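First the structure, in the form of structure tokens, and then the observations on it.
The values are calculated or read from the model by the stated rules, or taken from the named source; none is laboratory data. As the structure is a prediction and not an experimental result, all values here were calculated from the model. Don't worry about glycine lacking a Cβ; one is built from the backbone with ideal geometry, like all the others, and counts go over all protein chains shown. Please note that ligands, DNA and RNA were not included when accessible areas were found on the heavy atoms of the full protein model with its side chains. Shrake-Rupley method; radii C 1.70, N 1.55, O 1.52, S 1.80 Å.
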Amino acid sequence: MVLTAYGPLCTEVYEITKPIGQDYPDIPYYIKHLSSIGGRILEAMVGTGRLLIPLLEAGINVEGIDTSPDMLAACRKHCIDRNLNPVLHQGCVENLDISGRYSAIAVSFGSFMLLEKRTAAVAALQAFARHLEPQGRIFIDLELPIEDFKTENIVKQLLPINCPDGSTILLQSTSRIDWLNQVNTTVIRYEKWKEGKLVATELQNLSLHWFGRDEFIMCLRENGYKEIALCANYTDHLKPNSYKDTLCFSAVLA
């Protein structure tokens, strides 16, 4: 069985557990900030359109990019269902190569952590800088994978996912932590069962690279950003005070 990042079963589970149209805490935050900026916006690592679609419906001129063809196919379908026709790109953010420049680039819900190597994260920040207008802004939020810290090397049987077609997807995961390189790697096994038969399997290799607060601020400064702001949990003026907080960074191209 081949390890994948975001294959068909992973995408199906994502669609069920993070459906379009739910109340997510990042949506009002990004609508507020991106609508005040205006211009051409890029949502990097767009996934199924969970954030992109509310931004489009709010009248924001936003495009999306993702590496996963399965995620992008789901995103396109959701957009078509809503009579939306955004520009979507397939590619890696660390090798971003899109014509023109953006007023802002956003990476939400901790997706930036999927760049598992420090060199990839730095390359992405540099690529964003090359694609921003003068004084363009980036928005990136990060978390600490605390729960996985507590269960390293323990095999976990996750709750089954019931699918609309009557099938059930069973999930089993195990995590290991590279403390030196600050990477938490989780291998997730997906099994799709229907009418008592195993109809599909998939292995997902999910690596998350975490940063400390001051470490990421320094990383932004070293890669061409200024006016760095930080709030917690998508709430302006709320400062982080717990390791459980989502760290919401914004910065301006120097």
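Can you confirm whether the range 164-171 contains a residue that is among the hydroxyl-bearing types (Ser, Thr, Tyr) and open to solvent by 50 Å² or more (accessible area, probe 1.4 Å)? Outline the logic, then answer.
As a first pass, look at the range 164-171 and keep what is among the hydroxyl-bearing types (Ser, Thr, Tyr): 167-168.
Retained after the next criterion (residues that are open to solvent by 50 Å² or more (accessible area, probe 1.4 Å)): none.
No, the range 164-171 contains no residue that is among the hydroxyl-bearing types (Ser, Thr, Tyr) and open to solvent by 50 Å² or more (accessible area, probe 1.4 Å).
Going through the range 51-74 one residue at a time, which ones are assigned to a loop (DSSP other than H, G, I, E, B), open to solvent by 10 Å² or more (accessible area, probe 1.4 Å) and at pLDDT 95 or above?
Residues of the range 51-74 assigned to a loop (DSSP other than H, G, I, E, B): 51, 58-61, 67-68.
With the extra rule that they be open to solvent by 10 Å² or more (accessible area, probe 1.4 Å), the set shrinks to 58-61, 67.
Result: ALA58, GLY59, ILE60, ASN61.
For residues in the range 75-108 being outside any loop (DSSP other than H, G, I, E, B) and hydroxyl-bearing (Ser, Thr, Tyr), which is farthest from THR11 (Cα to Cα)? Quick ask: steps written out before the conclusion?
To start, the set of residues in the range 75-108 that are outside any loop (DSSP other than H, G, I, E, B) comprises 75-81, 88-90, 93-95, 102-107.
From what is left, the residues that are hydroxyl-bearing (Ser, Thr, Tyr) are 102-103.
Numbers: TYR102: 28, SER103: 29 Å.
The selected residue is SER103.
Consider GLY166 carefully, then state whether it is in contact (Cβ under 8 Å) with a residue 24 or more places away in the chain and on the phi > 0 side of the Ramachandran plot. Lay out the reasoning, then the answer.
On the way: in contact (Cβ under 8 Å) with a residue 24 or more places away in the chain: yes; on the phi > 0 side of the Ramachandran plot: yes.
So GLY166 fits the description; yes.
For the structure I just gave you, tell me whether THR48 is of a type in the set (S, T, N, Q), in contact with a helix residue (DSSP H, G or I) (Cβ under 6 Å, 6 or more places away or on another chain) and touching a residue at least 12 places away in the same chain (Cβ under 8 Å).
Yes, satisfied.
Looking only at residues in the range 181-214 that are of a type outside the set (D, E, K, R) and without any contact (Cβ under 8 Å) to a residue 12 or more places away in the chain, which one is least open to solvent (accessible area, probe 1.4 Å)?
If we filter the range 181-214 for residues that are of a type outside the set (D, E, K, R), which is where we start, we get 181-188, 190, 193, 196, 198-201, 203-212.
Narrowing the set further to residues that are without any contact (Cβ under 8 Å) to a residue 12 or more places away in the chain leaves 196, 198, 212.
Numbers: GLY196: 69, LEU198: 81, GLY212: 29 Å².
For the range 181-214, the residue satisfying everything is GLY212.
Could you tell me whether the range 144-157 includes any residue that is exposed (fewer than 15 other Cβ atoms within 10 Å of the Cβ) and under 30 Å from SER103 (Cβ atoms)?
Quick first cut of the range 144-157, residues exposed (fewer than 15 other Cβ atoms within 10 Å of the Cβ) only: 146-147, 149-157.
Those still in the list that are under 30 Å from SER103 (Cβ atoms) too: none.
There is no residue in the range 144-157 that is exposed (fewer than 15 other Cβ atoms within 10 Å of the Cβ) and under 30 Å from SER103 (Cβ atoms).
Quick check on the range 215-254: of everything there that is closer than 30 Å to THR174 by Cα and over 21 Å from the mean Cα position of the chain (by Cα), which residue is least open to solvent (accessible area, probe 1.4 Å)?
SER242
Which members of the range 141-187 meet the condition of being in contact with a helix residue (DSSP H, G or I) (Cβ under 9 Å, 6 or more places away or on another chain), part of a loop (DSSP other than H, G, I, E, B) and within 18 Å of LEU208 (Cα to Cα)?
Listed by number, the residues that qualify are GLU143, PRO145, ASN181, GLN182.
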